[in-house]
Amino acid sequence: MYRLYLTLAIFLFLGSSVMQVTATDSDDSTTANGMVRYRILSQSPHSPIPNMFTINSETGDIVTVAAGLDREKVSQYTIIVQATDMEGNLNFGLSNTATALISITDINDNPPELTVRTFSGEVPENKVNVVVTNLTVVDRDQPHSPNWNAVYRIVSGDPSGHFIIRTNPITNEGMLTVVKPVDFEMNRAFMLTVVVSNQAHLASGIQSSLQSTAGVTISVQDVNEPPVFPVNPKTIRFEEGVPAGTTLTVFSAQDPDHFIHQIVRYGS
Ligand SMILES: *[C@@H]1O[C@H](CO)[C@@H](O)[C@H](O)[C@H]1NC(C)=O
């Protein structure tokens, strides 16, 4: 009575030897009864071609024969392997099959790409920890892995460090946030240049995308700030007996909102 067991050890990845299948036959391996040979019965899907893999009939090593494993197109293959004893003689030997699931490991072969060339947003003056705009990005690598996670940097336009960009861990968006108050009277707008990359380095031979850089136009919203009295309190001296209606002094308040035409009224 022959017994044939197939065990699959799945380990490797893209490029060379993928895995080894091992059949154990309880017969004496020095006789034909115990000599097992392997072949691939099927591969699914047939993409990009039907024969992406081959198996060494004696050792059971499965190797990739064709280039073109691309996790972004096919992330897993199912292969059915047959082991036959009697040196693989299908007429006399006993066969058994096993299914191999081959997962394609992601590499960072897709740089993140900003979805537009220019983003814009508005920031209220004197406020911090406000998200000014969300920078949107597309990356075709495995979501939530270092090959996908975006890292944003401001490379110009913010010498005083008013803004930072945190990555939204769920959406991968860059949350451009004001962290140092801006003053409309000093800066009415900012023109930033931002660059996006991944946590992981790009795979060798992959160029970073043209869309890794974008401009961000931020306009500063003027907020009505209260007028200030430069001299306060103001001491007024006058002699007794001045006639009614005499001007005693002029209160001059200054308004920081130089650019808004506004009238300062003095309450009585
Ligand atoms: C940015 O994204 C966050 C989270 O999705 C959202 O709550 C917020 O309103 C967005 N802010 C802007 C300015 O688009």
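The values are calculated or read from the model by the stated rules, or taken from the named source; none is laboratory data. Values in this document were obtained by computation on a predicted structure and should not be read as measured data. Backbone-built Cβ (ideal geometry, glycine too); neighbour counts: all protein chains shown.
If you take the residues of region 166-195 that are within 16 Å of the ligand (Cβ to nearest atom) and within 16 Å of residue 113 (Cβ to Cβ), which of them is surrounded by the most Cβ atoms within 10 Å (Cβ to Cβ)?
Keep residues of region 166-195 that are within 16 Å of the ligand (Cβ to nearest atom), which gives 166-179, 182, 190, 192, 194.
The next check asks that each one be within 16 Å of residue 113 (Cβ to Cβ); those that pass are 167, 171-174, 194.
Details: 167: 18, 171: 12, 172: 20, 173: 20, 174: 29, 194: 23.
Taking the candidates together, the pick is 174.
Tell me which residues, restricted to region 128-139, are in contact (Cβ under 8 Å) with a residue 40 or more places away in the chain, surrounded by fewer than 19 Cβ atoms within 10 Å (Cβ to Cβ) and within 13 Å of the ligand (Cβ to nearest atom).
Residues of region 128-139 that are in contact (Cβ under 8 Å) with a residue 40 or more places away in the chain, as a first pass: 128-135, 137, 139.
Now narrow it down to the ones that are surrounded by fewer than 19 Cβ atoms within 10 Å (Cβ to Cβ): 128-131, 134.
Once the filter is applied, which keeps residues that are in contact (Cβ under 8 Å) with a residue 40 or more places away in the chain, surrounded by fewer than 19 Cβ atoms within 10 Å (Cβ to Cβ) and within 13 Å of the ligand (Cβ to nearest atom), region 128-139 yields 129, 130, 131, 134.
All but one of (1) at pLDDT 90 or above; (2) part of a strand (DSSP E or B) hold for residue 24; state the number of the condition that does not hold.
(1)
Sort through 21, 74, 116, 36 and tell me the only one that's at negative phi and in contact with a Phe, Trp or Tyr (Cβ under 8 Å, 6 or more places away or on another chain). I'd like the intermediate steps shown before the answer.
Details: 74 fails: in contact with a Phe, Trp or Tyr (Cβ under 8 Å, 6 or more places away or on another chain); 116 fails: in contact with a Phe, Trp or Tyr (Cβ under 8 Å, 6 or more places away or on another chain); 36 fails: in contact with a Phe, Trp or Tyr (Cβ under 8 Å, 6 or more places away or on another chain).
Result: 21 is the single residue among 21, 74, 116, 36 that is at negative phi and in contact with a Phe, Trp or Tyr (Cβ under 8 Å, 6 or more places away or on another chain).
Checking residue 58 against (1) crowded, with 18+ Cβ neighbours inside 10 Å; (2) of a type in the set (Asp, Glu); (3) under 24 Å from residue 28 (Cβ atoms), only one condition comes out false. Which one?
(1)
Can you find a residue in region 98-114 that is buried (at least 16 other Cβ atoms within 10 Å of the Cβ), touching a residue at least 60 places away in the same chain (Cβ under 8 Å) and within 16 Å of the ligand (Cβ to nearest atom)?
Within region 98-114, one or more residues are buried (at least 16 other Cβ atoms within 10 Å of the Cβ), touching a residue at least 60 places away in the same chain (Cβ under 8 Å) and within 16 Å of the ligand (Cβ to nearest atom).
Read through the list (1) within 16 Å of the ligand (Cβ to nearest atom); (2) touching a Pro at 6+ places or on another chain (Cβ under 8 Å); (3) not in a loop (DSSP other than H, G, I, E, B), then give the number of the only condition that residue 77 fails.
With (1) within 16 Å of the ligand (Cβ to nearest atom); (2) touching a Pro at 6+ places or on another chain (Cβ under 8 Å); (3) not in a loop (DSSP other than H, G, I, E, B) applied to residue 77, the lone miss is (1).
For region 129-143, how many residues are over 30 Å from residue 72 (Cα atoms) and in contact with a strand residue (DSSP E or B) (Cβ under 6 Å, 6 or more places away or on another chain)?
Of the residues in region 129-143, the ones over 30 Å from residue 72 (Cα atoms) are 129-132.
Filter once more, so that each one left must be in contact with a strand residue (DSSP E or B) (Cβ under 6 Å, 6 or more places away or on another chain): 130-132.
Residues meeting the conditions: 3.
Just to be sure I understand, how many residues within region 151-165 are closer than 16 Å to residue 114 by Cβ and away from the ligand (no atom under 14 Å from the Cβ)?
Result for region 151-165: 6.
Find the residue count for region 189-215, including only residues that are of a type in the set (Val, Ile, Thr) and touching an Asp or Glu at 6+ places or on another chain (Cβ under 7 Å).
Total satisfying the criteria: 1.
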